[in-house]
1. Counting only residues that are small (Gly, Ala, Ser), give me the helices (runs of 4 or more DSSP H) lying completely in segment 66-145 with at least 3 of them.
2. So which residues in segment 81-102 are without any contact (Cβ under 8 Å) to a residue 60 or more places away in the chain and under 22 Å from the mean Cα position of the chain (by Cα)?
3. Quick one: is Gly52 more than 18 Å from Thr217 (Cα to Cα) and of a type in the set (Gly, Ala, Ser)?
4. Criterion first (more than 19 Å from the chain's Cα centre (by Cα) and not hydroxyl-bearing (Ser, Thr, Tyr)) does Gly235 satisfy it?
5. Only one of Val109, Val144 is within 30 Å of Leu216 (Cα to Cα), surrounded by 12 or more Cβ atoms within 10 Å (Cβ to Cβ) and either touching a helix residue (DSSP H, G or I) at 6+ places or on another chain (Cβ under 6 Å) or hydroxyl-bearing (Ser, Thr, Tyr) (or both); which?
6. Return the residues of segment 206-228 that are assigned to a helix (DSSP H, G or I), among the aliphatic types (A, V, I, L, M) and under 15 Å from Ala143 (Cα atoms); say none if nothing qualifies.
7. If the requirement is being exposed (fewer than 15 other Cβ atoms within 10 Å of the Cβ) and not polar (S, T, N, Q), which of these qualifies: Trp152, Trp115, Trp96?
Amino acid sequence: MSAILSNSTLTAPDTYIGIYNELSKYNVHLNVFERLWASWYAYMGNDVLATGIMSFVMHEVVYFGRSLPWIIMDQIPWFNRYKIQNTKIPTAAEQWACTRLVLLSHLTVELPQIWLFHPMAKACGMETGVPFPAWTTMCLHIAVFFVLEDTWHYWMHRAMHWGPLYKNIHKIHHQYSAPFGLAAEYASPIETMVLGAGSVGIPIVWCLITGDLHILTMYLWIVARLFQAIDAHSGYEFPWSLHHFLPFWAGAEHHDVHHERFIGNYASSFRWWDYVMDTESGPEAAKKRRERKEAKEGKKIQ
């Protein structure tokens with residue numbers, strides 16, 4: 001990042017605002033967000049530290065910030081009409097117990113990995129500087145990651161329901177048969193690493209193969225994936241929920257049934273793997289399964 005300030009005065013400013021103002025004088029081709037980004041790295045003077053702090057803060061703010069609306073709704077009776085399992089409202093004690101375990105996981109499991117992310121990203125050829133890639137490029141990459149991660153999640157999650165793995169690893173995530181937003185990352189360290197490998201590892205492999213990925217795209221992907229996971233665990237079904245407009249989207253209605261019945265509906269973002277592998281769960285899926293069986297038996301009789 002030092003090259004961005006190469007045309008500035010001999011004595012570089014030592015405050016973030018000072019660096020931003022100085023950088024803005026000589027880099028008018030950059031937009032405001034690109035200048036803020038470059039100024040942060042220049043101010044920190046240590047790319048590993050700059051990326052580590054930014055990544056961890058982003059993750060915590062997004063995770064708990066996105067969970068907050070669901071926490072509030074759980075305390076307002078009017079919203080019970082939209083609660084899928086409206087007789088199982090999480091108590092404040094349950095919310096707080098969940099928060100403590102999630103925070104412990106973030107600090108002991110995720111923070112060390114986040115700290116090592118910058119050197120790993122650079123070693124794989126990931127870009128961290130400015131200017132940012134075109135928004136169309138970032139959207140394409142994120143769409144690809146959603147599809148690939150959904151595949152990883154389906155098979156790994158389904159494997160987690162095999163007896164020994166469920167008992168020793170995945171069972172903790174099913175402590176709440178009626179999930180709520182904060183419980184999205186309520187899981188054992190092993191599960192966190194295995195399923196998290198899809199969210200982080202897939203973009204890394206993509207970068208190794210294509211040589212085309214910016215860390216900002218990675219951030220936006222992680223934010224989108226966090227939103228999806230928290231919303232899927234929210235326990236709320238609205239008339240405006242996304243799956244009403246995108247039938248292949250999973251959402252809370254899809255994942256809530258998984259927690260209630262402890263089987264089926266293994267995919268994260270989409271419904272197609274459960275459909276293709278006949279692992280859809282719930283009354284509607286059971287009805288369709290019976291109808292297909294009856295139709296098949298009827299053909300045999302004829």
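1. 92-105
2. Trp96, Ala97, Arg100
3. Values: more than 18 Å from Thr217 (Cα to Cα): no; of a type in the set (Gly, Ala, Ser): yes.
Against the criterion (more than 18 Å from Thr217 (Cα to Cα) and of a type in the set (Gly, Ala, Ser)), Gly52 does not qualify.
4. Details: more than 19 Å from the chain's Cα centre (by Cα): no; not hydroxyl-bearing (Ser, Thr, Tyr): yes.
When the stated conditions are applied, Gly235 does not pass them.
5. Numbers: Val144 fails: either touching a helix residue (DSSP H, G or I) at 6+ places or on another chain (Cβ under 6 Å) or hydroxyl-bearing (Ser, Thr, Tyr) (or both).
It is Val109.
6. Filtering segment 206-228 down to residues assigned to a helix (DSSP H, G or I) leaves 206-210, 215-228.
Remaining after also requiring among the aliphatic types (A, V, I, L, M): 208-209, 215-216, 218, 220, 222-224, 226.
Leu216, Met218, Leu220, Ile222, Val223, Ala224, Leu226 - these are the residues of segment 206-228 that are assigned to a helix (DSSP H, G or I), among the aliphatic types (A, V, I, L, M) and under 15 Å from Ala143 (Cα atoms).
7. Working: Trp152 fails: exposed (fewer than 15 other Cβ atoms within 10 Å of the Cβ); Trp115 fails: exposed (fewer than 15 other Cβ atoms within 10 Å of the Cβ).
When all the criteria are applied, what remains is Trp96.
Okay, residues lined up against (1) among the hydroxyl-bearing types (Ser, Thr, Tyr); (2) closer than 25 Å to Gly129 by Cα; (3) modelled with pLDDT of 95 or more; (4) surrounded by fewer than 13 Cβ atoms within 10 Å (Cβ to Cβ):
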{"position": "Thr11", "(1), (2), (3), (4)": "yes, yes, no, yes"}
{"position": "Ser24", "(1), (2), (3), (4)": "yes, yes, no, no"}
{"position": "Val28", "(1), (2), (3), (4)": "no, yes, no, yes"}
{"position": "Trp40", "(1), (2), (3), (4)": "no, yes, yes, no"}
{"position": "Pro69", "(1), (2), (3), (4)": "no, no, yes, no"}
{"position": "Tyr82", "(1), (2), (3), (4)": "yes, no, yes, no"}
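The values are calculated or read from the model by the stated rules, or taken from the named source; none is laboratory data. Note that the coordinates shown come from a computational prediction; the quantities given were computed from them, not determined experimentally. Using ideal geometry, Cβ is built from the backbone for each residue, glycine included, and neighbour counts are taken over all protein chains shown.
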